[in-house]
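**Student:** My questions all concern the structure below.
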Amino acid sequence: MGKEKKLPIGIEDFEEIRTEDFYYVDKTDLITELLDNWSKVNLFTRPRRFGKSLNMSMLKAFFGYGYDSRLFDGTKVAKETELCERYMGQFPVISITLKDVEARDYEGARAMLCAVIGNEALRFTFLSDSDALSEEEKERYRHLIRVGESGTSGEIMSDEMLKSSLFMLSRLLRKHYGKKVILLIDEYDVPLDKAQHFGYHDEMIGLIRSLLSQALKSNDNMYFAVLTGCLRIAKESIFTGLNNLNVFSITNVRYKEHFGFLDEEVREMLAYYGLEDRYGQMKEWYDGYRFGDADIYCPWDVINHIALVRSEPYAPPRAFWANTSGNEIIRTFIGMADQRTRREIERLVEGESVVKKIDQELTYKDLYDSIDNLWSVLFTTGYLTQRGREGEDTYRLAIPDLAIRQIFVDQILKWSQAEARKDTPRLDAFCEAFVQGDAKTIERQFSNYLQRTISIRDTSVRKEKKENFYHGILLGLLSHREDWDIRSNAESGDGFSDILIEIEEERIGIVIEVKYPDDQDLEAGCKKALDQIEKVGYQTRLCQDGMETVYKYGIACWKKRCMVRLGESQNVLWSDQS
């Protein structure tokens with residue numbers, strides 16, 4: 001084999017992937033299916049990082065005038081000879097993405113939208129001299145490109161022109177070419193997401209509604225249109241009167257395999273890079289989404305994991321997809337959860353499923369109105385997936401894979417720690433009990449705390465991972481004491497984490513070892529923890545640092561129960577020879 005192809009991390013341009021020797025997972029049969037199952041306006045909703053933008057770039061390169069047909073050599077669609085002869089390179093294509101239309105106020109976002117459309121109009125400068133257009137039409141076009149040239153800080157379109165801009169550009173292109181236009185709008189809902197976040201939702205939805213209505217409804221200049229987004233926005237709020245819209249969401253069987261990677265595609269990719277032995281790890285961490293009736297891997301995770309293990313063969317898997325976002329939706333969801341919902345979250349993290357009615361036609365304004373809406377948002381944005389349909393719009397939901405599960409665990413930890421810090425007197429008493437050697441108080445308060453929080457007890461997770469969860473909670477609580485020097489030993493191989501504390505003014509050291517006994521024998525778990533402290537000799541380090549009194553705590557946790565035992569060597573004054 002010659003030089004291996006590059007991995008397309010973050011590459012969303014089809015032409016660049018095909019000409020610059022990047023690895024490409026062939027999704028060109030989307031073109032065939034799109035033409036065989038004709039819809040005037042097609043909306044695909046998928047989570048982020050599942051290949052929406054790359055597929056839109058592929059459609060542009062296939063249908064658009066001026067692209068090199070060799071881009072599709074060897075692809076699935078190239079085998080469809082008659083289809084290629086009829087459609088390849090035969091259309092004017094308007095292609096815009098709204099993913100960067102975000103600002104803190106409406107005027108800023110509106111200016112960005114003007115620039116996006118103006119810059120797309122700049123691709124067709126020949127229209128300013130077209131014999132097929134009237135002088136008035138040429139002037140309207142020149143105004144569009146002046147906006148594109150000036151960007152967001154220069155000339156801005158009037159409301160009337162902005163709302164009609166896509167319709168007008170399609171009309172001018174049809175008159176010039178004598179052929180209807182294909183319209184591609186990527187990430188159509190991003191401006192609405194940002195508008196809701198910054199408080200100008202109503203203004204932005206009015207603008208987007210008018211823009212899309214004129215471009216998509218009764219537009220005789222349009223051959224067909226494709227839109228992508230994360231959410232299917234309620235039709236009455238944005239697609240009013242648009243009767244030619246076909247929506248293909250993550251619950252639809254049609255087009256199920258065109259966004260994300262299938263199992264055989266992942267196997268082929270691993271084999272190409274000589275990483276067949278990583279298949280089990282890849283499947284465990286990144287396979288778990290279900291679109292329609294197909295099992296799907298997250299492509300962003302797959303590509304990034306392959307890149308990681310090629311450079312660092314022993315690197316553990318990471319939650320690449322989730323780390324591309326702040327995961328605010330998870331924090332909001334956990335914060336809004338009542339007691340019943342928290343128990344449902346526990347079941348999800350355990351690897352179980354919950355049955356929920358899903359509304360796929362929300363508005364961004366309604367997303368956070370209720371916990372029921374948040375279930376729908378978690379599903380449509382990829383934090384949950386379906387494991388079967390239970391009724392009309394009712395699905396059995398589950399966390400897709402270990403990567404997403406890790407995000408839930410991390411956010412639960414952060415929420416738990418934030419909740420605990422709200423009760424400062426209780427937290428002060430909890431920390432003080434460690435200094436006093438008061439194991440009973442520690443046990444009582446930690447047990448009460450575990451009853452109020454969301455526990456993590458997935459039977460598929462290794463024991464040390466479970467211990468790390470309780471270790472993380474404990475560490476967060478103890479970190480309340482900013483005057484303490486707290487050290488946490490991270491997991492090393494199959495070893496177990498521990499916590500070492502030095503209170504310099506009082507010359508007190510504290511050693512804590514956490515265990516998770518699968519047999520629920522908390523007493524034995526505490527003994528094992530204390531034995532490990534003695535065997536490893538954690539106290540030696542504290543003594544060398546000048547701590548004169550060392551408390552040793554063995555803590556065993558199982559679900560929402562815990563036991564705390566104090567080692568026999570409490571309150572021991574160590575000599576310099578120790």
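The values are calculated or read from the model by the stated rules, or taken from the named source; none is laboratory data. Only a predicted model underlies this, so the values are computations on that prediction, with no experimental measurement involved. Cβ coordinates were reconstructed from backbone atoms using ideal geometry, including for glycine residues, and neighbour counts include every protein chain displayed. Just so you know, the surface numbers come from the protein's heavy atoms only, side chains and all, with ligands and any DNA or RNA stripped out. Shrake-Rupley method; radii C 1.70, N 1.55, O 1.52, S 1.80 Å.
**Student:** Could you please find all residues in region 141-158 being modelled with pLDDT of 90 or more and open to solvent by 20 Å² or more (accessible area, probe 1.4 Å)? Outline the logic, then answer.
**Tutor:** Step one: list which residues in region 141-158 are modelled with pLDDT of 90 or more, which gives 141-142.
ARG142, the sole residue that qualifies.
**Student:** SER164 passes all but one of (1) open to solvent by less than 60 Å² (accessible area, probe 1.4 Å); (2) modelled with pLDDT under 90; which number fails?
**Tutor:** (2)
**Student:** Continuing with this model, one more query. On the given criteria, is ILE233 in contact with a helix residue (DSSP H, G or I) (Cβ under 8 Å, 6 or more places away or on another chain), within 26 Å of ALA103 (Cβ to Cβ) and assigned to a loop (DSSP other than H, G, I, E, B)?
**Tutor:** Numbers: in contact with a helix residue (DSSP H, G or I) (Cβ under 8 Å, 6 or more places away or on another chain): yes; within 26 Å of ALA103 (Cβ to Cβ): yes; assigned to a loop (DSSP other than H, G, I, E, B): yes.
Answer is yes for this residue.
**Student:** Cβ contacts < 8 Å: first residue without any contact (Cβ under 8 Å) to a residue 60 or more places away in the chain and farther than 20 Å from LEU500 by Cβ, restricted to region 432-447; second residue of a type outside the set (Phe, Trp, Tyr) and open to solvent by 30 Å² or more (accessible area, probe 1.4 Å), any location; separation 6+ or different chain. Result?
**Tutor:** Qualifying pairs under 8 Å: THR441/ALA429; GLN445/ARG426; GLN445/ALA429.
**Student:** Considering each residue of region 538-578, count those that are part of a loop (DSSP other than H, G, I, E, B), at pLDDT 85 or above and open to solvent by 70 Å² or more (accessible area, probe 1.4 Å), and give that number.
**Tutor:** Total satisfying the criteria: 1.
**Student:** Please work out which residue is modelled with the lowest pLDDT, limiting yourself to region 30-50 and to residues that are part of a loop (DSSP other than H, G, I, E, B) and over 20 Å from the mean Cα position of the chain (by Cα). Spell out how you get there, then give the answer.
**Tutor:** So the first thing to find is which residues in region 30-50 are part of a loop (DSSP other than H, G, I, E, B), and the list is 37-40, 46-50.
Within this subset, residues satisfying the condition of being over 20 Å from the mean Cα position of the chain (by Cα) are 37-40.
Numbers: ASN37: 90, TRP38: 85, SER39: 89, LYS40: 93.
Here the answer is TRP38.
One line per residue, one yes/no per condition, for (1) assigned to a strand (DSSP E or B); (2) modelled with pLDDT of 90 or more; (3) open to solvent by less than 60 Å² (accessible area, probe 1.4 Å):
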| position | (1), (2), (3) |
| --- | --- |
| ILE412 | no, no, yes |
| GLN417 | no, no, yes |
| LYS422 | no, no, no |
| LYS440 | no, yes, no |
| PHE446 | no, yes, yes |
| LEU450 | no, no, yes |
| SER455 | no, no, yes |
| PHE469 | no, no, yes |
| SER488 | yes, no, yes |
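**Student:** I would also like to ask the following. Does ARG70 meet the test of being part of a helix (DSSP H, G or I), among the basic types (Lys, Arg) and open to solvent by 50 Å² or more (accessible area, probe 1.4 Å)? Show your work before the answer.
**Tutor:** On the way: part of a helix (DSSP H, G or I): yes; among the basic types (Lys, Arg): yes; open to solvent by 50 Å² or more (accessible area, probe 1.4 Å): yes.
For ARG70, the condition - part of a helix (DSSP H, G or I), among the basic types (Lys, Arg) and open to solvent by 50 Å² or more (accessible area, probe 1.4 Å) - is met.
**Student:** Which pairs do you get when a residue that is buried (at least 16 other Cβ atoms within 10 Å of the Cβ), found in region 526-537, comes within reach of a residue that is aromatic (Phe, Trp, Tyr), reach meaning Cβ atoms under 9 angstrom, with the pair 6+ apart or on two chains?
**Tutor:** CYS526/TYR553; ALA529/PHE496; ALA529/TYR553; LEU530/TYR553; GLN532/PHE496; GLN532/TYR538; ILE533/TYR553
**Student:** Is it the case that LYS256 is basic (Lys, Arg), part of a loop (DSSP other than H, G, I, E, B) and crowded, with 18+ Cβ neighbours inside 10 Å? Can you show your working first?
**Tutor:** Values: basic (Lys, Arg): yes; part of a loop (DSSP other than H, G, I, E, B): yes; crowded, with 18+ Cβ neighbours inside 10 Å: yes.
Yes; evaluated as a whole, the condition is true for this residue.
**Student:** Something else: Would you check if TYR279 is surrounded by 15 or more Cβ atoms within 10 Å (Cβ to Cβ), at pLDDT 95 or above, more than 20 Å from the chain's Cα centre (by Cα) and under 19 Å from GLY10 (Cβ atoms)?
**Tutor:** Considered against the rule, which asks whether it is surrounded by 15 or more Cβ atoms within 10 Å (Cβ to Cβ), at pLDDT 95 or above, more than 20 Å from the chain's Cα centre (by Cα) and under 19 Å from GLY10 (Cβ atoms), TYR279 comes out as no.
**Student:** Name the residues in region 74-112 that are touching a helix residue (DSSP H, G or I) at 6+ places or on another chain (Cβ under 8 Å) and among the small types (Gly, Ala, Ser), would you? Give the derivation first.
**Tutor:** To start, the set of residues in region 74-112 that are touching a helix residue (DSSP H, G or I) at 6+ places or on another chain (Cβ under 8 Å) comprises 76-78, 80, 83-84, 87-106, 108-112.
Of everything in region 74-112, those that are touching a helix residue (DSSP H, G or I) at 6+ places or on another chain (Cβ under 8 Å) and among the small types (Gly, Ala, Ser) turn out to be ALA78, GLY89, SER95, ALA103, GLY108, ALA109, ALA111.
**Student:** Which number in (1) within 30 Å of TYR200 (Cβ to Cβ); (2) touching a Lys or Arg at 6+ places or on another chain (Cβ under 9 Å); (3) surrounded by 15 or more Cβ atoms within 10 Å (Cβ to Cβ); (4) not polar (S, T, N, Q) marks the one condition that ASP372 misses?
**Tutor:** It fails just one condition, (3).
**Student:** List every residue pair whose Cβ atoms sit under 8 Å apart, with the two residues 6 or more apart in sequence or on different chains, where the first one lies in region 174-186 and is more than 14 Å from PHE63 (Cα to Cα) and the second, anywhere, is β-branched (Val, Ile, Thr).
**Tutor:** Matching pairs, first to second residue: ARG174/VAL181; ILE185/ILE96; ILE185/THR97; ILE185/VAL226; ILE185/THR228; ASP186/ILE96; ASP186/THR97; ASP186/THR228.
**Student:** Sticking with this one: Select from region 476-486 the residues that are open to solvent by less than 20 Å² (accessible area, probe 1.4 Å) and out of contact with any strand residue (DSSP E or B) (no Cβ under 7 Å at 6 or more places or on another chain) and write down the one among them that is modelled with the lowest pLDDT.
**Tutor:** Ranking the qualifying residues of region 476-486, first place goes to GLY476.
**Student:** Tell me which residues, restricted to region 4-33, are without any contact (Cβ under 8 Å) to a residue 12 or more places away in the chain and among the charged types (D, E, K, R).
**Tutor:** Filtering region 4-33 down to residues without any contact (Cβ under 8 Å) to a residue 12 or more places away in the chain leaves 10, 16.
Within region 4-33, just GLU16 meets the criteria.
**Student:** Among the residues of region 9-40, write down those that are open to solvent by less than 50 Å² (accessible area, probe 1.4 Å) and over 28 Å from THR81 (Cβ atoms). Spell out the reasoning first.
**Tutor:** Of the residues in region 9-40, the ones open to solvent by less than 50 Å² (accessible area, probe 1.4 Å) are 10-11, 14, 17, 22-35, 37, 39.
Correct list: GLY10, ILE11.
**Student:** Sticking with this structure for a sec: Between ILE473, ILE508, which is modelled with pLDDT of 80 or more, surrounded by 15 or more Cβ atoms within 10 Å (Cβ to Cβ) and over 25 Å from ARG340 (Cα atoms)?
**Tutor:** Just a single option satisfies the conditions, and that option is ILE508.
**Student:** Let me ask another. Which condition breaks for LYS357 when tested against (1) open to solvent by less than 50 Å² (accessible area, probe 1.4 Å); (2) out of contact with any helix residue (DSSP H, G or I) (no Cβ under 7 Å at 6 or more places or on another chain); (3) among the basic types (Lys, Arg)?
**Tutor:** Condition not satisfied by LYS357: (1).
**Student:** Filter region 175-198 for residues that are open to solvent by 10 Å² or more (accessible area, probe 1.4 Å) and among the aromatic types (Phe, Trp, Tyr); which is modelled with the lowest pLDDT?
**Tutor:** PHE198
**Student:** Within region 267-321, which residues are in contact with a strand residue (DSSP E or B) (Cβ under 7 Å, 6 or more places away or on another chain) and in a helix (DSSP H, G or I)?
**Tutor:** Residues satisfying the conditions are TYR286, PRO299, VAL302.
**Student:** Considering only region 221-267, state which residues are over 25 Å from the mean Cα position of the chain (by Cα), of a type outside the set (Gly, Ala, Ser) and at pLDDT 95 or above.
**Tutor:** ASN221, MET222, TYR223, PHE224, listed by residue number.
Residue-wise test of (1) without any contact (Cβ under 8 Å) to a residue 24 or more places away in the chain; (2) surrounded by fewer than 19 Cβ atoms within 10 Å (Cβ to Cβ); (3) of a type in the set (A, V, I, L, M, F, W, C).
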residue: VAL77; (1), (2), (3): no, no, yes
residue: THR81; (1), (2), (3): yes, yes, no
residue: ARG86; (1), (2), (3): yes, yes, no
residue: VAL93; (1), (2), (3): no, no, yes
residue: ARG104; (1), (2), (3): no, yes, no
residue: GLY108; (1), (2), (3): no, yes, no
